[in-house]
Amino acid sequence: REHNFNMYDDTISSSLGVSYDYNSMMHYSKNAFQNGSEPTIVTKIPAFSDVIGQRMEFSDSDLLKLNRLYKCSKTQGSTFLDSCDFERENICGMVQGHGDQADWVRVTNAAGGPETDYSNMGRCTGSGYFMHFSTGTANTGDTAVLESRLVYPKRGYQCLQFFYYNSAGSSDTLKIYVREYDEGSPSGILRFITTVDGDCYEDTLLFEFCRRNVTIIVVFQGKKEGSGPVAGGLSLDDINLSETTCPEFVWRVKNFSYVMDNTPANTPIFSPSFTSKEGYTFQMALYPNGKDEHSRELSAYAHLVAREGDTGQTWPCPWKQITMMLMDQHPHIQKRMSNQRSITTDPNMKATSEALKKIQIHTGSCYLWFKLCLCKLSTLFQILTFFSGMILGRLVLRSRIQMGPSISAGRVLVQQCI
């Protein structure tokens, strides 16, 4: 029965974009077709040795593959491609690359940092894993390659998002590639996407690329380029790949619970400044505990400014739109709670002189932004800000969220103005 163990490439047997499933009802057991006392299948991850071969029920992955195989309608409109938080030992079907000199290792903390993973932050016993390439123990020139499972994009654009922590040397790099497979390239063609380098930092990174109707694998290559700290390396967590365009701008608010507890009223925190495609510069301001006239209400402002030397912008800009999304930090992109609202400037709506005095605008007309409502915020969240079309100049946008005992529930009051 040796033919039961023949190996086939993706042109013969498709995984349908689902990671390797040790729990599948279709999986042979460790002693299947046994001839003697030794097992016929040895799992690469020993913990799954007694898991394979179960016949009790379909696994979640079995059901997902059936839906995709028979093109069930509820799976066809999804923009989701892949996600991994590395909590399971099979690391979501990702594999170590061939021809490298080191490995990415699944850990809960790393010498030189980080001390915890990104999503659980050390709060949950028995969880909180991420992948780490130790450059401190590697030799100069060593690489560590981590490859995703096969995915099957149908649309013409993809957004790759992941958390990245760099405690390595300033010259060490992370390179992102995509390996494409089609009928003309059954062995795959490796295409370079970008290089991430620089001094130590931590952040959520987003990269956009365009692939359509080809099978792809995302490749992460860490490389030790030169001397660096003895304890340190590159770390990855919460990888998500979707068939959407990436947001233009991201503001990640770190440790939001601490910010809420320790920021006095009337005290803002500020995002970095961003510049739109049309050349308008803006900055977000957040009052975690509100202002005097709106105590216990979370206030968000969008400050759009004209910098010295800016040319070509029209002030003001009616009928322009800003879209803001507040999003928690769940590691799986499909399970994140989010709330998105768009606000459009209306030149036919003018504020009263009394309203102008309240917001300390001394000259000019007031253009309103409207249709904003936010609710059910998580205690950990990101503010993702991106723009459709040109943005309105010299505008202060304020949305107020009524705070109760928990910030996970509230109602929204909206004010304006420019």
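The values are calculated or read from the model by the stated rules, or taken from the named source; none is laboratory data. Here the structure is a predicted model, which is why all the values come from computation and not from measurement. Don't worry about glycine lacking a Cβ; one is built from the backbone with ideal geometry, like all the others, and counts go over all protein chains shown. Quick note on the areas: whole protein, heavy atoms, side chains included, nothing else; ligands and nucleic acids left out. Shrake-Rupley method; radii C 1.70, N 1.55, O 1.52, S 1.80 Å.
Give me the net charge of Asn109's neighbourhood, meaning all other residues with Cβ under 11 Å from the Cβ of Asn109; Lys, Arg count +1, Asp, Glu -1. Intermediate values should be presented prior to the final figure.
Values: positive: none; negative: Glu115, Asp117.
Surrounding charge for Asn109 is -2.
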- Query: If you project the alpha carbons of segment 1-44 onto their three principal axes, what span does each projection cover, largest first, in Å?
  - Reply: 35, 22, 18
- Item | Using a Förster distance of 51 Å, the FRET efficiency for Lys291-Asp182 (Cβ separation, nearest 0.05) | 0.35
- Determine ³J(HN,Hα), in whole Hz, for all residues of segment 236-246 in sequence, where each value follows from phi through the Karplus function 6.51 cos²θ - 1.76 cosθ + 1.60 and θ = phi - 60°; x replaces Gly and Pro. 10, 7, 6, 7, 9, 10, 9, 8, 9, 7, 6
- Viscosity 1.567 mPa s, temperature 4 °C: Stokes-Einstein D of segment 190-237 from its Kirkwood Cα radius, in µm² per second? 94 µm²/s
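Just the number please: accessible area per residue for segment 63-150, 1.4 Å probe, all protein chains included, in Å².
Result: 53 Å² of accessible area for each residue.
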- How much of the accessible area of segment 1-96, in percent, comes from carbon and sulfur atoms when a 1.4 Å probe is used? 53 percent
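Tell me the Kirkwood radius of segment 44-145: reciprocal of the mean inverse pair distance over distinct alpha-carbon atoms, in Å.
Details: mean 1/r = 0.0595 Å⁻¹.
After inverting the pairwise mean of 1/r, the radius is 16.8 Å.
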- Within 10 Å, count the other beta carbons around each residue, average over each peptide in 174-182, 187-195, 268-276, and list them highest first. 174-182, 268-276, 187-195
- Message: Past 23 Å, Cα to Cα: identify those pairs from Lys223/Lys277; Lys175/Lys224; Lys30/Lys335; Lys277/Lys320; Lys254/Lys291; Lys154/Lys277, in the order given.
- Response: Lys223/Lys277; Lys30/Lys335; Lys154/Lys277
- Task: Could you please report the charge total around Asn266, scoring K, R as +1 and D, E as -1 over all other residues with beta-carbon less than 9 angstrom from its beta-carbon?
- Result: 0
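Please arrange Arg149, Arg68 by accessible surface area, largest first, computed with a 1.4 Å probe and ligands excluded.
Details: Arg149 35, Arg68 65 Å².
Putting Arg149, Arg68 in descending order of accessible area: Arg68, Arg149.
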